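J.: Pasting a structure here, questions to come.
The values are calculated or read from the model by the stated rules, or taken from the named source; none is laboratory data. What you are looking at is a predicted structure, and each value in this text was computed from that prediction instead of being measured. Ideal geometry is used to build each Cβ from the backbone, glycine not excepted, and the neighbour counts take in all protein chains shown. Ligands, DNA and RNA are stripped out before the accessible areas are found, and what is left, the full protein with its side chains, is counted by its heavy atoms. Shrake-Rupley method; radii C 1.70, N 1.55, O 1.52, S 1.80 Å.
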Amino acid sequence: VRRKHLNCSMLSQADAARVAVVRLKAAHTWRAVPRTARLLSPKDREDRVEKICEVTEDFCLQPQTAGLAVSMFDRVCAKAALGAEINVPLDVVGLVCVLVATKFQEVRVPAIEELAKMDLPKGRAPRSRILMKEAEMTVLCLLDWDLHEAAPHQYLEHLFQITDASKSCVKRAEFFVDMSFYEARMLDFSPIAIAAGSLMLAWQQLGDIESENKHTAQLACLCEVDLKTLFLCRHILMDHFESVFKTCEVTVRVPASAPMDDSLRSESPDSIFAPLDAMSVVPRPPGSKVDPDKFFSPLRCPPSLPLAGQSLAGSGR
């Protein structure tokens with residue numbers, strides 16, 4: 001035992017991270033959700049995921065908790081699509097998935113009474129503690145009590161060490177993993193493939209060709225998929241990113257006398273992340289209780305940009 005411990009301690013940071021990835025994959029078996037087992041339309045699923053992430057934000061939970069809750073929710077929906085009887089409304093299923101996820105990821109668990117008040121449709125009577133406990137047992141039985149899963153964030157932390165990722169790359173890749181929760185097409189990919197695809201998209205947006213050439217084949221090997229699969233994952237993430245921010249109206253404050261320049265409303269990756277980089281601000285992940293003017297989540301608009309010609313320091317932000 002001592003010899004094994006000594007060998008591990010002599011590994012480089014990157015090699016130790018590779019060992020951690022292998023162990024993580026061995027300990028957590030990924031279960032793909034068949035396309036025939038998709039209970040909700042992509043839009044309806046996105047709405048439910050947004051509610052789950054809002055709850056995790058309100059309780060200041062970690063992004064990993066949101067990811068695990070969404071994964072459980074998808075598995076319950078898959079069981080329902082395949083014929084399992086669920087006598088629990090989907091809004092309650094989402095809340096219960098958050099509750100169960102917190103028991104694995106968090107030090108403190110939200111009170112059931114407080115959780116029961118969240119995402120309450122208008123006109124519906126308040127949920128009772130008994131209802132929430134019964135719903136929890138229903139969800140646990142549908143999941144066969146098989147609850148411990150590895151989220152993309154867990155793999156991403158190790159991939160950063162393996163590839164020696166820069167701070168800008170880390171910021172973007174974490175954002176893309178958070179964003180992946182909302183996209184139904186990501187159900188076709190394993191958590192480690194989502195982490196790798198997010199990292200590859202971060203390299204692409206930063207123009208880091210050196211890292212792409214050096215590490216992409218290695219990522220495919222770690223994910224045990226071909227390069228085509230990883231590139232498809234990256235493409236879907238980029239497609240979702242563009243679809244969100246093309247429909248998200250970015251507010252740009254310019255002097256009234258200034259002519260309207262269409263380039264000021266550009267919503268390219270650079271225009272989304274540039275003000276954040278300049279202000280040393282990171283995108284707002286689920287679980288961050290912060291000033292909404294300084295942070296944003298994947299489905300919310302980025303903060304307003306300063307006046308044209310105005311410095312960031314003089315913008316009051």
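J.: Only one of these conditions is not met by GLU113: (1) in contact with a Lys or Arg (Cβ under 7 Å, 6 or more places away or on another chain); (2) at pLDDT 90 or above. Which number is it?
T.: So the condition that GLU113 fails would be (2).
J.: Which of the residues belonging to the stretch 79-116 are among the acidic types (Asp, Glu) and surrounded by fewer than 16 Cβ atoms within 10 Å (Cβ to Cβ)?
T.: Those that are among the acidic types (Asp, Glu) and surrounded by fewer than 16 Cβ atoms within 10 Å (Cβ to Cβ): GLU85, GLU113, GLU114.
J.: With the condition kept exactly as written, say whether any residue in the stretch 168-189 is without any contact (Cβ under 8 Å) to a residue 40 or more places away in the chain and over 26 Å from ALA26 (Cβ atoms).
T.: Checked against the condition, which is being without any contact (Cβ under 8 Å) to a residue 40 or more places away in the chain and over 26 Å from ALA26 (Cβ atoms), the stretch 168-189 yields no hits at all.
J.: Under 6 Å by Cβ, and 6 or more places apart or on different chains, what pairs join a residue from the stretch 201-217 that is within 13 Å of ARG172 (Cα to Cα) and touching a residue at least 12 places away in the same chain (Cβ under 8 Å) with one that is aromatic (Phe, Trp, Tyr) and open to solvent by less than 50 Å² (accessible area, probe 1.4 Å)?
T.: LEU201/PHE176
J.: Residue by residue through the stretch 139-155, note down the ones that are more than 19 Å from ASP178 (Cα to Cα) and surrounded by 19 or more Cβ atoms within 10 Å (Cβ to Cβ).
T.: Passing the criteria: VAL139, LEU142.
J.: Hey, does the stretch 165-177 have a residue that's open to solvent by 30 Å² or more (accessible area, probe 1.4 Å), of a type in the set (Ser, Thr, Tyr) and assigned to a loop (DSSP other than H, G, I, E, B)?
T.: Yes - at least one qualifying residue is present in the stretch 165-177.
J.: Scan ASP208, ASP270, ASP239 and give me the residue that is within 24 Å of THR163 (Cβ to Cβ), modelled with pLDDT under 90 and surrounded by 12 or more Cβ atoms within 10 Å (Cβ to Cβ).
T.: ASP270
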